[in-house]
Each structure stands twice: as C-alpha cells, then as structure tokens.
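Worksheet: one structure, shown below.
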Amino acid sequence: MALSRLKGGENDMERIELKVEKRTVLGKKVKRLRRQGLIPAIIYGHETEPIPVQVEERELIRVLNQAGPNRLIALRLDGRPRLALAREIQRDAITGKLLHVDFYTVVMTEKLSAEVPLVLIGESPAVERGEGVLQHGIDTVEVECLPGNLIHSIEVDLSELEKVGQAIYVKDLKVPPTVEILTEGEEMVVKVVPIVEEAEAEEEAVVPGEVEVVARRKEKEFEEEEAEGEE
C-alpha cells in the first residue's frame, strides 16, 4: 500500500541554467547594484573559495521559481558551469524583494543533505464522510543522497486515511534506496482526528456565574463546620 510518490531524482535531471558575473561591489555599496536590477550573490562549497557574484534580478527570480531549494542549478561563470543549490535566499521583510542569494556548489560523487517538501494529495475518505478532520504535522523532511538522486518533493496520498485515528508518519514515506531520510521516523505528517461537536464543547464549558455560586456554597459550608467545632 503506497503512501507516497516521488518527484525528481536521477530520472528528472532537467538542466536549469543561470548566468552570473563576478562582483567587485561589496559591503553596503551593493544597494547600488539592486537599483540597477542586479542581485548580489555568493558561490561557495566544498573545496571552493567563496566567489562574490551578481545576477540579473528578473532572470534570478525565474530560475528560483523553477528550481526551488533542492533542484540543481548550472551556474555559468566565465563560460564554465558549476552545479549548485540555492541554499539561502534573503528577502526584504516588508516588500519581499530579493536581497541576496547563497549558491552552494556540489560534487556529484559526494552526498549532501537537503530539506524536501511533503505535498498532500487526494482526499481522506474519513474526512469526506464528515467523521473527522485533518491534523497536520511536519511538512518537510531532511534527506541525504548524491546530488543526482535528489528528489524535489514527496507526495503523500491522503486516500489511505480511511478511518478516524489513522495517521501517516515519516517512517511510512517511501523513497528510493539511493535516498536516506534523516528525519525521525515517528514524526507525524498528517492524522485524522475526531470532530469536536459544539454541543459537547458547550456542555464541558463552565459558566462563570456557576463557579461563583459553587464557591459561595463551599465557603458557607466551611463557616458552618467551623462554628460547630467551636461549640
């Protein structure tokens, strides 16, 4: 019974290319670059000295939308391609505009770790029948593999959740033998939980006025017991 499907990996190696140029403008002066439609970035990685670069903003946005955080990008610098992942993307907190990007170069023969998103598909029969609602857990898992085997996402099939109380955990996710999930297997992805009826909630709710009456009654009983003790 399959609970998940994969997207990406060695059978989905569409090349995404991005032209970058070496950058000489550093520090606070990079604001000038942004006004010119250029985004400062840096290339770093295993046995690679950090290289400051700049990228045309519109082209960078297009590539990032296509590649996401876990698809390889072929950076073209001085005519030489360097395979990399967009590891850290900085944006303006108010406008959301791109400020800076870190590109991590990979070695195709060395394993790397990456966060892979979980995508929920289908519908739970229990939810469709109105017997329960979905309780969401984690939405990404950390995996380790060779760059060529990196998967872009894992689809989680909700149609397997037929009864209230059923859940899908990380240990239930299926990935190729070339990919290892590092996230703890007992982490919950999604679960069907009972619907709490409004009537039940009202019955369990305590009315403030009732609390005050009960408190006064107990106080009176305590005073009467003290009076009897004095006699």
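Every residue, every condition in (1) hydrophobic (A, V, I, L, M, F, W, C); (2) under 25 Å from V192 (Cα atoms); (3) at pLDDT 95 or above, yes or no:
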| position | (1), (2), (3) |
| --- | --- |
| A114 | yes, no, no |
| L118 | yes, yes, yes |
| E123 | no, yes, yes |
| R129 | no, yes, no |
| D139 | no, yes, yes |
| E142 | no, yes, yes |
| I151 | yes, no, no |
| D157 | no, yes, yes |
How many residues does the range 31-71 contain that are among the aliphatic types (A, V, I, L, M), surrounded by fewer than 20 Cβ atoms within 10 Å (Cβ to Cβ) and either under 17 Å from T95 (Cα atoms) or in contact (Cβ under 8 Å) with a residue 60 or more places away in the chain (or both)?
3
Kindly evaluate V192 against the criterion of being more than 15 Å from S113 (Cβ to Cβ), in contact (Cβ under 8 Å) with a residue 60 or more places away in the chain, buried (at least 19 other Cβ atoms within 10 Å of the Cβ) and in contact with a Gly (Cβ under 7 Å, 6 or more places away or on another chain).
yes
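The values are calculated or read from the model by the stated rules, or taken from the named source; none is laboratory data. It should be emphasised that the depicted structure is a prediction, and the values quoted were computed from it without experimental measurement. Virtual Cβ from ideal backbone geometry, glycine too; neighbours counted across all protein chains shown.
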